[in-house]
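This report refers to the structure that appears directly beneath it.
The values are calculated or read from the model by the stated rules, or taken from the named source; none is laboratory data. Remember, it's a predicted structure, so these values are computed and weren't measured experimentally. Glycine also receives a Cβ, built like all others from the backbone with ideal geometry; neighbour counts cover every protein chain displayed.
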Amino acid sequence: MTKVLLAEHDPELLGLYGSELERNNFGTITAKNGKEAIGKFIENSPEIVILDQEMSNPGGLDVLRRILAIRPQTKIIMLTMKSAVLDEAERLGLELFLLKPVSPQLIVASVLALSDVKSRPQLMIVTR
């Protein structure tokens, strides 16, 4: 079972995306802020991380940096409403960039796509 860490600041989206991932048989770990995401990443070693760029304490890009410093091969999906962070996220090694609003089904399809990839793919950008 693929383990997925879902870090999202919006409690409603955290529940919605988390439920859809669990319904599709992913081992889902949730975090509501950056500090919690880093702790749960270290504790659980998920294969895929879904990061909300807008979360705080620390923010999504800082969490991305820390996770990749701990385990560079981690596959990461970033959720955001701000395409301005794309260049920095790509430079850091982001796999998939999803512009909000994102459906729970697209979250699952994105995780499925990354879980089938054996090496780090090139950056993919998905918009509405």
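Taking the criterion of being in a helix (DSSP H, G or I) and more than 18 Å from Asp116 (Cα to Cα), the residues of segment 12-30 that qualify are Glu12, Leu13, Leu14, Gly15, Leu16, Tyr17, Gly18, Ser19, Glu20, Arg23. Set side by side, the residues Ala69, Ala37, Ala109 differ, and just one is at pLDDT 90 or above and buried (at least 22 other Cβ atoms within 10 Å of the Cβ), which is Ala37.
Within segment 81-88, does at least one residue satisfy the condition of being modelled with pLDDT of 90 or more and crowded, with 17+ Cβ neighbours inside 10 Å? No, segment 81-88 contains no residue that is modelled with pLDDT of 90 or more and crowded, with 17+ Cβ neighbours inside 10 Å. Check whether at least one residue in segment 20-33 is surrounded by fewer than 18 Cβ atoms within 10 Å (Cβ to Cβ) and farther than 24 Å from Gln105 by Cα, and report yes or no. Within segment 20-33, not a single residue is surrounded by fewer than 18 Cβ atoms within 10 Å (Cβ to Cβ) and farther than 24 Å from Gln105 by Cα.
Whether a residue is crowded, with 23+ Cβ neighbours inside 10 Å and either more than 15 Å from Ile76 (Cβ to Cβ) or of a type in the set (Asp, Glu) (or both) was assessed, and Asp52 passes this test. Look at (1) touching a strand residue (DSSP E or B) at 6+ places or on another chain (Cβ under 7 Å); (2) under 20 Å from Ser56 (Cα atoms); (3) outside any loop (DSSP other than H, G, I, E, B) and you find that His9 fails only one, number (3).
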